[in-house]
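The values are calculated or read from the model by the stated rules, or taken from the named source; none is laboratory data. As the structure is a prediction and not an experimental result, all values here were calculated from the model. Cβ atoms come from the backbone with ideal geometry, glycine included; neighbour counts cover every protein chain shown. The accessibility values were calculated without ligands, DNA or RNA, using every heavy atom of the protein model including side chains. Shrake-Rupley method; radii C 1.70, N 1.55, O 1.52, S 1.80 Å.
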Amino acid sequence: FYESWHLRAALEACDPAGTIEVVQYRQNGELVGLLPIERSSSYYGRPIPHLRGWLHDNAFCGVPLVKRGLETAFWTALHNWASAASCTALFLHVEHLPENGTMFRALSACAPLNGKAAIVHRADRALLQSEQSAEDYFNAAMSGKKRKELRRQFNRLSDLGAVSIERETGSTQITRWIDTFLALEAAGWKGLEGSALASHHDTERLFRAALTEGAKAGRIERLSLTLDGRAIAMLVNFVSPPGVFSFKTAFDESYSRFSPGVLLQLENLALLDDARFDWADSRAAADHPMIERIWREKRSVLRVSIGLGGMVRQAAFKPLIRFESGTEWLGE
């Protein structure tokens, strides 16, 4: 989400006033680390100044973009910069850090930050990660009864016309695909509630720009379940080997009795057979009723706060953070 193809689109769509600072870490003139930063004067509605790694509402990973091997150096340099960049901010807050990721492990082992950084929130979301083939994984994830039901639904859908699944990469016909997806999503419950991407100018602009630029960069994979050539379920993945993020999905609710979204997710299990990928992050909320029936692994995702400044600010930061449930100090 901080690669140039996505970050540029996000800043243009979600930060028109240009308030976000893109902090860059360089060694010998080479850019080796990057994190967008937002300055905030409130925390959970309270007047508590702090800095935070910037994420818009449709970004689901807050890991700084850092050259391999320089993770610890980056955290140290970022802390030094943040402490000097504001004389009032009590801490730097970073969200959506995978607990098993390289950047969090480096933060945990960063000696200069021992006792200054704390986990303030932990949540699990569905992950796809297995040595099994897609077919074996499906058979293990679903009961025989459920597999039979899905086959029946696919056959009944096929009685209505020609059913096919299209997998697309690259930028060919990307505008057509985007238009179709946005219309499909807006026609359902998200459109009625005003939460569809096309319901708001900024989210539609972000989606169009991110997919267009991501397709050119080879970072987008698109799947469509079609009936007589018309899409009734669609999903898009952000691909960045060795990982994948499931970004958005939509389906035609008039075909709900055939579970088109589930049928398309079963096709998405083909990620397990792709040697480029070790894992796929659902980015779904915990206990998601659909995806957790299919993706059986879990990824623990953290929010971390890092105290800034000297003894005075640290003395104010530590009691404050202890009020957050489940606080775990790193390095202690």
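Tell me, what is the 1.4 Å probe accessible area of Asp273, in Å² to the nearest 10?
100
At 1.4 Å probe size, what's the solvent-accessible area of Thr175? Round to the nearest 10 Å².
80
Looking at the square roots a ≥ b ≥ c of the eigenvalues of the Cα gyration tensor of the stretch 1-112, which shape do they give, rounded for a/c under 1.5, prolate if a/b is larger than b/c, or oblate? Spell out each step's value before the answer.
Values: a/c = 1.44, a/b = 1.15, b/c = 1.26.
The shape class here is rounded.
I want to verify a result. In a Gaussian network model of the chain, Cα cutoff 10 Å, which of these has the top mean-square fluctuation: Ser40, Ser108, Ser83?
In this elastic network of the chain, the residue with the biggest mean-square fluctuation among Ser40, Ser108, Ser83 is Ser40.
Taking the Cα atoms of the stretch 68-141, report the difference between the largest and smallest coordinate on each principal axis, in whole Å and largest first.
Projected onto the principal axes, the Cα atoms of the stretch 68-141 cover 57, 26, 19 Å.
Mind checking the dipole of the stretch 152-230: about its Cα centre, +1 per Lys or Arg Cβ, -1 per Asp or Glu Cβ, Debye to the nearest 20? Write out the running numbers ahead of the final one.
Working: 11 positive and 11 negative charges, 32 e Å.
It comes to approximately 160 debye.
Give the calculated FRET efficiency between Asn80 and Ser254 to the nearest 0.05, with a Förster radius of 51 Å applied to their Cβ-Cβ distance. Don't jump to the answer; show the numbers that get you there.
On the way: r = 57 Å, r/R0 = 1.11.
Once the sixth-power term is evaluated, E becomes 0.35.
Taking the dipole about the Cα centre of the stretch 290-332, with the C-beta of Lys and Arg at +1 and of Asp and Glu at -1, give me whichever of Trp295, Met311, Gly331 is farthest to the positive side.
Going by the Cα projections, it comes out as Trp295.
Roughly how many debye, to the nearest 20, is the charge dipole of the chain about its Cα centre, given +1 on each Lys and Arg Cβ, -1 on each Asp and Glu Cβ, and no other charges? Don't skip to the answer; put the middle values down first.
Details: 39 positive and 39 negative charges, 103 e Å.
In debye, rounded to 20, the chain gives about 500.
Using r as the Cβ-Cβ distance of Asn28 and His201, and R0 as 35 Å, what FRET efficiency do you calculate, to the nearest 0.05? Mind dumping the intermediate values first?
Numbers: r = 42 Å, r/R0 = 1.20.
Calculated transfer efficiency: 0.25.
Mind checking the stretch 231-288 for chymotrypsin sites (Phe, Trp or Tyr not before Pro) that DSSP puts in a loop (not H, G, I, E or B) and that have at most 16 other Cβ atoms within 10 Å? Present the calculation step by step, with values, prior to reporting the outcome.
On the way: sites: Phe238, Phe245, Phe247, Phe251, Tyr255, Phe258, Phe277, Trp279; in loops: Phe277.
Answer in residue order: no site qualifies.
Scan the stretch 23-85 for chymotrypsin sites (Phe, Trp or Tyr not before Pro) in coil per DSSP, keeping those whose Cβ has at most 12 other Cβ atoms within 10 Å, and list them by number. Display every interim value, and only then the final one.
On the way: sites: Tyr25, Tyr43, Tyr44, Trp54, Phe60, Phe74, Trp75, Trp81; in loops: Tyr44, Trp54, Phe60.
Sites meeting the loop and neighbour criteria: Tyr44.
Between Ala162, Ala198, Ala209, which gets the highest mean-square fluctuation from a Gaussian network model of the chain, Cα cutoff 10 Å?
Judging by the Gaussian network model, the answer is Ala162.
What residue among Gly115, Phe138, Thr169 has its Cα farthest toward the positive end of the dipole of the stretch 56-181, where the charges are +1 on Lys, Arg and -1 on Asp, Glu, each on the Cβ?
Among Gly115, Phe138, Thr169, the one farthest towards the positive end of the dipole of the stretch 56-181 is Phe138.
Say the cut-off is 30 Å between C-alpha atoms; which of Lys248/Lys298; Lys190/Lys216; Lys67/Lys116; Lys116/Lys298; Lys116/Lys190 go over it? Each step should come with its number before you reach the end.
Details: Lys248/Lys298 19 Å; Lys190/Lys216 28 Å; Lys67/Lys116 24 Å; Lys116/Lys298 28 Å; Lys116/Lys190 41 Å.
Long pairs (Cα-Cα over 30 Å): Lys116/Lys190.
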